[in-house]
Structures are given as C-alpha cells and as structure tokens.
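Nothing in this text is a laboratory measurement; each read-out follows from the coordinates by a stated rule. Bear in mind the structure is a predicted one, so any value in this text is a computation, not a measurement. With ideal geometry, Cβ positions are generated from the backbone for all residues, glycine too; neighbour counts draw on all protein chains shown.
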Amino acid sequence: MDKKIRTRFAPSPTGGLHLGGVRTVLFNYLFTKQNNGEFILRIEDTDQTRFVEGAEEYINETLAWCGLQPDESPVKGGPYAPYRQSERKEIYRKYAEELVEKGIAYYAFDTPEELDTKRKEIPNFKYDLSTRNSLNNSLTLSDDEVKELLDKNTPHVIRVKMPEENETVSFVDLIRGEVHFNTSESDDKVLLKADGMPTYHLAVVVDDYLMKITQAFRGEEWLPSAPVHVYLWKHLFGIENMPQWAHLPLILKPDGNGKLSKRDGERLGFPVFAMNWTDPRTNESTQGFRERGFLPEAFVNMLAVLGWNDGTEQEIYSMDELLEKFSVEKIHKGGAKFSYDKALWFNHEWIKKLSAEKLLPYIKNVFAEKNIVVKDDAVLLKVIDLVKERCTLLPDFVEQSSFFFQSPDTLDIASVLPKWNEHKNNFFIELIRSYELATAFDAETLEHSFKEMAAASQLKPGELMLPFRIMLVGGKFGPHVFDIAAVLGKEETVKRIKRGLSILEN
Ligand code: GLU
C-alpha cells in the first residue's frame, strides 16, 4: 500500500507572513488534498532569540482567512503532538548524541568569545574541515578530556562533521529534478545549541521523520541547506525515508530584479504580507492584503498563478478548480514576477464573481469601519449588486455606495448651475409631486414617469438626469440613477430632491 501523503508548513514565528510563505502553504495544501493526505502546521520556534510575540497567532489567522486549514497543528493537536518545536526540546538531544556516536557529529566547547576572536583573526572564518582541527572540540581533545568537560556540564554545542573527502549529495527535487551538491560547500553547522535547543537543521530532519512527512515544500532560499539535511537523513534515518523535496521558485520584485521583500512593498506602495502586522518590538506596522481590501479568494487565486499555470489561458480559479487542476509538474522553475496591478485585477474579478450574499459580511465590515450604519441587509444586498462592477478593493464599496445609507455631505452643484433654469426647477417640483403619489417605486416605473414628464415639459431627459443624480448621490458617479432612487425609496428620494432644489435656489 502507498504511504499516506503527509506534508508540512514549518514556519518560524518571527513576524508577518510574506505572500511567498502563503504560496508555500497553498501549493502544499493543494498537493496534499489532491492526494487525500494530511497537511501539518509545525511551528519552528527553537531559535528563542528570534521569537516574536503574536507571530504564531498571526500564522493561524492567515491560514484561516485563506481557507488553508491544517489537519494537525499546535492548536488542533494530532497524533504527533506537540507541534511546536520548543515543546519538543527533550526529543532532539538523543539524535544529536547518536550522530556523535556514529562519528557524524562532535562536541564543540569553544566559547562565543573564542569564536569571535577567530572571526576577527581569520577573514570569512567558517567552522569547517579547514578549521575544526585547531579548535576546542571532541575531535581535538582526548576522550578523557571530553568526558571531564561534559561531566562538569561545560557549555557546549554539537556540530555536524561534514565529510573529510568531498562527497556528492544528490536528491530529486519535485520541481527542479535531480539536484547535486558537494558536501565541501557546507560548514560544520551547529545541530544542538548550548541551551539544549536544536537548531533548525537538526529539528527539521528529526521532526520530518517523526511526523512521517512524505513531501516537504519550502522556498528556494532553503536549497543551500539541503545538503546538510540530506547528510543528516543519510546517517540518522536512511535516505530512502527522506521526504521528497519541492523547492518553490522565488517571488520576484515587479521588475524581476531579486526577491520581493517587505521593503519593496513599502517603497512601491503595496502590501507584501497577508494581513496587517505590527512588530511588538518596534511598533512598526505593515499593511496586509486582507486589510487593504482583498478577498481571500482573490489573494489565493493570485498566489496560485504566481509560478504555476495549467497550460491553458485560464487565470481565474476557485479553490475547487485549483484542487482539480493544480499539478506540481507545472510549477515553473524560474522566479515569478509579482505585479500589484495584476493582484488588483484578480480582486476586481472576484468581487464581480462572488454573489452579494457572499460579499455581504466583508462589505458590512468596511462600512462599520467608517461608522456607517446599515440597518437592512436586504437593502445592502441590492446595493452590492448595483455597485460591485465599480469596485476593485473592498473599501471602494464605501466610496461607491455610502450615499445609499447617508445623505451626501455636499452636492456638486457647480456641475448643474450653469445650465439650471426655472423650467428645470419646475420639472423637479412636478417630479416631487408625481413621486409622492407613486404607488409603485421600482426603477422601471420611475424612469417611465420621469421620461413622460420630461416630454410633457419639452425637456430632454438627458439634461435632467445629471441634476437628478447630483441631488441623490452628491456627484457624477454611481449606478443607473433610477436604480438608485428605487433603492432609496420614496421618502428618501423625495427628501433629496427637495434638498437639492433648495440648494439650487439659493
Ligand atoms: N523553519 C523554516 C522557515 O522558517 C522552514 C523551512 C523548511 O520548510 O524546511 O521557513
């Protein structure tokens, strides 16, 4: 029987989640769910110096917002709990010691000060094959000396001993195919730190093994770490048990020059993080796609096609379609240029595509943020349908439709005054009377009576429509004016015409 597919997203909780991180989750998730597998969220927080309060909650919330929920996680639990590496501290030492016994790792007693001195003495100092024999470690000390130091609890780390003869390490990456490395390219990385915590390199290998991970998707920036990981796999658990790696191509700056960073977003005025993030250490705030007014459907869709394409012209994909069409083979090998204009396009398409019912909670939210009270959901549903074509980001709904819920503060009278005359004034006085008496107040009836009255007054409806719009809306925008009047209802429409006339008369 084939092994059950198990994948993981293994972020370090150090800040807001970059859109590239969410894309890693998405590709992981799609692959896993297509194969009926389990998707795990593992928090890699063994570097306590980089720990940031709130970052883990932020990750959970981002995944929930995007609809990419893990099957096992620190919050959800699962058969391989705990899923937070800081709570698994006791597990790792055993494996580090096992590597020492096998001669694949060694104890190093050099103090941070001693290493600093070395760094000053030797340019580009690396703890590796070329230096380790002159440093303070179990390769240079006698067994008795090592035992004594360990018995006295002398602070020490455990380092991997990269092979003396260069070895070629190769593995088949799901995206790049066969990848080769020379072990001599890597230094003797610390596996277990002086505080007893593992480093990322040891913890990732041990946990991928213990959690029975079958495929590991991660960003291309981790490719240089792969030789150490493969080497550790080889000596701890056997290469045949190693997960298949998939190193995802980078997301590039809009001009294609290098990896897209948070700073690029700040410089060019677009979000790079999934949601708003405030760094608790510096209080620096960064805006996210969610708060900018993106729909999760659009955000996910935009990420899916950043580096993947099913070979057709299709660009809009729902989650169900992605689950059907996504394939790892079609992930591009090269980096994918980010375009904010394209992201906006996706959002506009998704606003048009989603029903008013689906959009309702988001729109209520943006109205609430502006303290605009929407009493009746039924009215808001009609409004959403009337204006959604005109909205790219969710807050655009406020601009495009707040006049439905509160009278415009000012009227753009200047656009009407030059052509305003008594004849038109009288028309609107008549219109008030007619609308007050109307028994039906739907757009069609209102338009019909408006046009009939215009004809009777020998006025062109076109000349009357603009003042009418300005009276109702305040400016030269918005959907079909009779649709607006119908939604406003008789009382409000009449009130606004009266207000408009009184302003025009003065
Ligand atoms: N903890 C690593 C990170 O912060 C995970 C890399 C991996 O997936 O192996 O991205």
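Quick notes on this structure:
- For residue 283, the requirement of being under 28 Å from residue 91 (Cα atoms), of a type in the set (S, T, N, Q), away from the ligand (no atom under 14 Å from the Cβ) and surrounded by fewer than 18 Cβ atoms within 10 Å (Cβ to Cβ) is not met.
- Listed by first and then second residue, the pairs with beta-carbon distance under 6 Å, at least 6 apart or on different chains, first residue in the stretch 416-443 and surrounded by 12 or more Cβ atoms within 10 Å (Cβ to Cβ), second charged (D, E, K, R), are 441/490; 443/483.
- Residue 147 vs. criteria farther than 30 Å from residue 208 by Cβ, of a type in the set (D, E, K, R) and over 41 Å from the mean Cα position of the chain (by Cα): yes
- Flag set for residue 251, criterion: over 30 Å from residue 89 (Cα atoms), in contact (Cβ under 8 Å) with a residue 40 or more places away in the chain and within 15 Å of the ligand (Cβ to nearest atom).
- Of all the numbered requirements in (1) within 19 Å of residue 200 (Cβ to Cβ); (2) surrounded by fewer than 20 Cβ atoms within 10 Å (Cβ to Cβ); (3) in contact (Cβ under 8 Å) with a residue 40 or more places away in the chain, residue 90 misses one, and that requirement is (3).
- For the stretch 198-211, a residue qualifies if it is more than 10 Å from the ligand (Cβ to nearest atom) and of a type in the set (A, V, I, L, M), and the qualifying residues are 202, 206, 210, 211.
- The residue of the stretch 41-54 that is surrounded by the most Cβ atoms within 10 Å (Cβ to Cβ), among those that are within 11 Å of the ligand (Cβ to nearest atom) and not in a loop (DSSP other than H, G, I, E, B), is 43.
- A residue that is part of a helix (DSSP H, G or I), at negative phi and surrounded by fewer than 20 Cβ atoms within 10 Å (Cβ to Cβ) can be found somewhere in the stretch 70-86.
- Test: residue 6 is within 13 Å of the ligand (Cβ to nearest atom) and more than 21 Å from residue 300 (Cα to Cα): no
- A single member of 481, 494 is in contact (Cβ under 8 Å) with a residue 60 or more places away in the chain and of a type outside the set (Gly, Ala, Ser), and it is 494.
- In this structure, residue 32 does not qualify as outside any helix (DSSP H, G or I) and touching a Lys or Arg at 6+ places or on another chain (Cβ under 9 Å).
- Top-ranked residue in the stretch 160-174 [being in a strand (DSSP E or B) and touching a helix residue (DSSP H, G or I) at 6+ places or on another chain (Cβ under 9 Å); ranked as surrounded by the fewest Cβ atoms within 10 Å (Cβ to Cβ)]: 168
- Filter result for residue 128 (surrounded by fewer than 18 Cβ atoms within 10 Å (Cβ to Cβ) and either among the small types (Gly, Ala, Ser) or outside any helix (DSSP H, G or I) (or both)): yes
- The lone criterion from (1) among the small types (Gly, Ala, Ser); (2) surrounded by fewer than 17 Cβ atoms within 10 Å (Cβ to Cβ); (3) part of a helix (DSSP H, G or I) left unmet by residue 454 is number (2).
- Unmet criterion (only one of (1) within 15 Å of the ligand (Cβ to nearest atom); (2) within 13 Å of residue 215 (Cβ to Cβ); (3) part of a helix (DSSP H, G or I)) for residue 23: (2)
- Failed item in (1) surrounded by 20 or more Cβ atoms within 10 Å (Cβ to Cβ); (2) over 17 Å from residue 359 (Cα atoms), with residue 401 passing the rest: (2)
- Restricting the stretch 3-31 to residues that are β-branched (Val, Ile, Thr) and farther than 21 Å from residue 82 by Cα leaves a set whose member that is surrounded by the most Cβ atoms within 10 Å (Cβ to Cβ) is 22.
- Restricting attention to the stretch 217-243, the residues that are surrounded by fewer than 22 Cβ atoms within 10 Å (Cβ to Cβ) and either away from the ligand (no atom under 13 Å from the Cβ) or of a type in the set (Val, Ile, Thr) (or both) add up to 9.
- Of all the criteria given as (1) within 16 Å of the ligand (Cβ to nearest atom); (2) within 30 Å of residue 258 (Cα to Cα); (3) hydroxyl-bearing (Ser, Thr, Tyr); (4) touching a strand residue (DSSP E or B) at 6+ places or on another chain (Cβ under 9 Å), the one not satisfied by residue 214 is (2).
- Search result, residues across the stretch 310-332 that are touching a Lys or Arg at 6+ places or on another chain (Cβ under 7 Å) and part of a helix (DSSP H, G or I): 323
- Tally, over the stretch 9-20, of residues that are of a type in the set (Gly, Ala, Ser), more than 18 Å from residue 211 (Cα to Cα) and either within 10 Å of the ligand (Cβ to nearest atom) or part of a helix (DSSP H, G or I) (or both): 1
- Failed condition for residue 36, given (1) away from the ligand (no atom under 14 Å from the Cβ); (2) at negative phi; (3) surrounded by fewer than 17 Cβ atoms within 10 Å (Cβ to Cβ): (2)
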